[in-house]
Amino acid sequence: MRITVVGTGYVGLVSGACLADVGNDVLCLDVDPAKIQTLQQGGIPIHEPGLPELVRRNVEAGRLRFTTDVEAAARYGTVQFIAVGTPPDEDGSADLQYVLAAARNIGRYMDGYRVVVDKSTVPVGTADKVRATIAEELAARGAAIDYSVVSNPEFLKEGAAVEDFMRPDRIIIGADDERAIDCMRELYAPFQRNHARQLVMDVRSAELAKYAANAMLATRISFMNELANLAETLGADIEQVRQGIGSDPRIGWHFLYAGCGYGGSCFPKDVKALVRTGREHGHELGLLAAVEAINRRQKLRVVDKVVRRFGEDLRGRHFALWGLAFKPETDDMREAPSRVVLEELFARGATVAAYDPAASREARRIFGQETRLGCVERPMQAIEGADALIVLTEWKEFRSPDFERIRAQMRQPVVFDGRNIYEPAVMRRYGIEYFGIGRRCRAA
Ligand code: UDX
């Protein structure tokens, strides 16, 4: 099949490369010439395991190509994926200008039947707007060409996106006509393993399902974070509580980890957007508004603990920070807890030496002018002379550090663990003053 993917961001690039890998011919379009040039020269603008090999293999095979030519892209694929960004507006609603611009271009240049697929996370009702935009463009040039609009939300996790695309647990196809359904079924046939993974439903349900999935997962996290804070006061241990409930199959083990709050490009944006959609339609989604408020507060919990230990005035204090990315295996710092923590530490006069296996460059871009931040190349470099170590991302390499050395090289052996990767008892044994989230630690 011939496929066009509009937008070579994270979702577009992964989808394009995976679709090419099963034999389709894929043309990826982006308005950013620098990005397209990088891709044409074999560079990958994002950090995602497995993606560079996948892109290289399919570019070499001639199945995956990149362009900035809007007209050629609209004429190329029978299937046109829209995978552009939907950043939040100031009021929390998703900004659809890029999605609708993509639709406009498709309508302007398409020369035969097209299945236009919304892959970006978009508010319920967007498919109707995409349909209307294309209709407008066709009418403007007096063309009568048939097309379908489909909602096909992505459920890719950063750091596991290739695997998630290749081996999905479900493929949601929201479509209202048979021609589009048949086309999407054929397109995704290679990605079902031993049983059907395709769920065909109406467009609006597909659009809402995407928000429902992310909102549910975010709710679980905020629920555990709220209980973690209570556990601290009660002298209970949230890790024990987690184990006590996760073994119930109705609850399950996933997404029950208390910590310094969720970040990333999806959860914060989607929860806010869903609350906003509710409001627009006269529904106050109180539960999700609380999920969002709890998460905002949770990102400050680590700072609260630091302030309780060292005082409000942190001038002259120096902290080691491990983990800048919003989660391991990515260099993405969108809505990362580290951003809030760093800003709060700087505002109180502290200096920070930060280490992250992937996100240092991104941190330098974000905090470019901040002289209080130094990004270092090795975890142990950050530790030297620090008043405390703050861990904000659970990268594998942080799990078993040399605690003796940590204790010896720090000004004082204090660890604030925003991801509960260490055991309080072990830290006590090493003589390290330890503060986890919702754990029984030395008086926090
Ligand atoms: C998420 C969804 O999982 C994915 O299906 C969707 O398509 C996009 O959004 P992603 O943002 O890549 O994916 O990351 P995810 O692994 O879901 O983690 C999100 C955030 O929640 C991270 O900051 C993570 O640290 C945090 N988290 C996750 C917790 O705090 N506790 C948990 O138990 C799980």
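Which entries of Lys35/Lys327; Lys272/Lys305; Lys210/Lys327; Lys210/Lys305; Lys119/Lys396 have Cα-Cα distances beyond 29 Å here? Long pairs (Cα-Cα over 29 Å): Lys210/Lys305; Lys119/Lys396.
Backbone phi angles across region 39-56, fed through the Karplus curve with coefficients 6.51, -1.76 and 1.60 (θ = phi - 60°), yield HN-Hα couplings of 5, 5, 8, x, x, 10, x, 10, 9, 8, x, x, 6, x, 5, 4, 5, 4 Hz in residue order; Gly and Pro are listed as x. For the chain, build the charge dipole from Cβ charges (+1 Lys, Arg; -1 Asp, Glu) around the Cα centre, then report which of Leu392, Ser120, Gln240 sits farthest towards its positive end. Projecting each Cα onto the dipole axis, the largest value belongs to Gln240. The alpha carbon radius of gyration of the chain, expressed as a multiple of 2.2 N^0.38 Å, is 1.07. In a simple Cβ point-charge model (Lys, Arg +1; Asp, Glu -1; nothing else charged), region 211-296 has a dipole of about 280 debye relative to its Cα centre.
Explain nothing, just the number: dipole magnitude of the chain about its Cα centre with +1 on each Lys and Arg Cβ and -1 on each Asp and Glu Cβ, in debye rounded to the nearest 20.
Using only the charged Cβ atoms, the result is roughly 1080 debye.
Scan the chain and hand back the longest stretch that contains none of the chymotrypsin sites (Phe, Trp or Tyr not before Pro) lying in DSSP loops with at most 13 other Cβ atoms within 10 Å. Could the numbers behind the result be given before it?
Values: sites that count: Tyr113, Trp253.
Looking at the chain, 254-444 is the longest stretch - no exposed chymotrypsin sites (Phe, Trp or Tyr not before Pro) with at most 13 other Cβ atoms within 10 Å.
The ellipsoid equivalent to the alpha-carbon distribution of region 211-296 has semi-axes of 25, 14, 11 angstrom, derived from the gyration tensor eigenvalues as √(5λ) and listed largest first. Farthest towards the positive end of the charge dipole of the chain, among the residues Ile3, Leu13, Asn420, is the Cα of Asn420, using unit charges on the Cβ of Lys, Arg, Asp and Glu. Since only Ile432, His47, Gly263 are under comparison, the one whose Cα sits farthest along the positive direction of the charge dipole of the chain, derived from C-beta charges on Lys, Arg, Asp and Glu, is Ile432.
Compute the Cα gyration tensor for region 2-201, then decide on rounded, prolate or oblate, letting a ≥ b ≥ c be the square roots of its eigenvalues: rounded whenever a/c is under 1.5, prolate when a/b is larger than b/c in the other cases, and oblate in all that remain.
Details: a/c = 1.37, a/b = 1.20, b/c = 1.14.
Here region 2-201 falls in the rounded category.
As an exercise, identify the GluC sites (Glu not before Pro) in region 377-408 lying in DSSP coil whose Cβ has no more than 14 other Cβ atoms within 10 Å. Present the calculation step by step, with values, prior to reporting the outcome.
On the way: sites: Glu377, Glu384, Glu394, Glu397, Glu404; in loops: Glu377, Glu384, Glu394.
Filter output for region 377-408: Glu377, Glu384.
In the chain, helical runs assigned H by DSSP with n ≥ 4 each contribute -39500 (n - 2.57); averaged across all residues and rounded to the nearest 500, the mean residue ellipticity at 222 nm is -13500 deg cm²/dmol. Amide H contacts under 5 Å for Val117: Gln80, Phe81, Ile82, Val150, restricted to partners 5 or more places along the chain or on a different chain, H placed in the peptide plane at 1.01 Å from N. Couplings 3J(HN,Hα) of region 208-224, computed from phi: 6, 4, 4, 5, 4, 4, 5, 5, 4, 5, 5, 5, 4, 5, 5, 4, 5 Hz, in residue order, whole Hz [Karplus 6.51 cos²θ - 1.76 cosθ + 1.60, θ = phi - 60°; x for Gly and Pro].
I'd like the GluC sites (Glu not before Pro) in region 226-328 restricted to DSSP loop residues with at most 11 other Cβ atoms within 10 Å, sorted by number.
Numbers: sites: Glu226, Glu232, Glu239, Glu280, Glu284, Glu292, Glu312; in loops: Glu284, Glu312.
Listed in order of number, the matching sites are Glu284, Glu312.
Counting DSSP beta bridges with both partners in the chain, what percentage is antiparallel, nearest 5?
Details: 2 of 46 bridges.
Roughly 5 percent of the beta bridges in the chain run antiparallel, per DSSP.
Taking label points 7 Å from Cα along the Cα-to-Cβ direction, Ser247 and Val426 give a separation of 2.2 nm.
Note on Lys129: aspartates and glutamates with a C-alpha under 18 Å away, same-chain residues under 8 apart excluded, are Asp89, Asp95, Asp118, Glu137, Asp146, Asp176, Asp177, Asp202, Glu207, Glu280.
Figure the gain on full extension for Thr233 and Leu300 (residue separation times 0.36 nm, minus the Cα-Cα span) and round it to one decimal in nm. Display every interim value, and only then the final one.
Values: separation 67, 0.36 × 67 = 24.12 nm, distance 1.69 nm.
Value of the extension gain: 22.4 nm.
Only aspartates and glutamates eight or more places from Lys157 in sequence, or on another chain, were considered; those with a Cα closer than 17 Å are Glu48, Asp169, Asp270, Glu329, Asp331, Asp332, Glu335, Glu394.
Relative to the longest principal axis of the Cα atoms of the chain, the long axis of helix 286-298 makes an angle of roughly 50 degrees.
Taken one residue at a time, the phi angles of region 335-343 give Karplus couplings (6.51, -1.76, 1.60, θ = phi - 60°) of 6, 5, x, 4, 5, 5, 4, 4, 4 Hz. Gly and Pro are set to x.
Only the coordinates and a few stated rules stand behind these numbers; no lab work does. Since this is a predicted model, take the numbers as computed values, not measurements. Every residue, glycine as well, gets a Cβ built from its backbone with ideal geometry; the counts of neighbours run over all protein chains shown.
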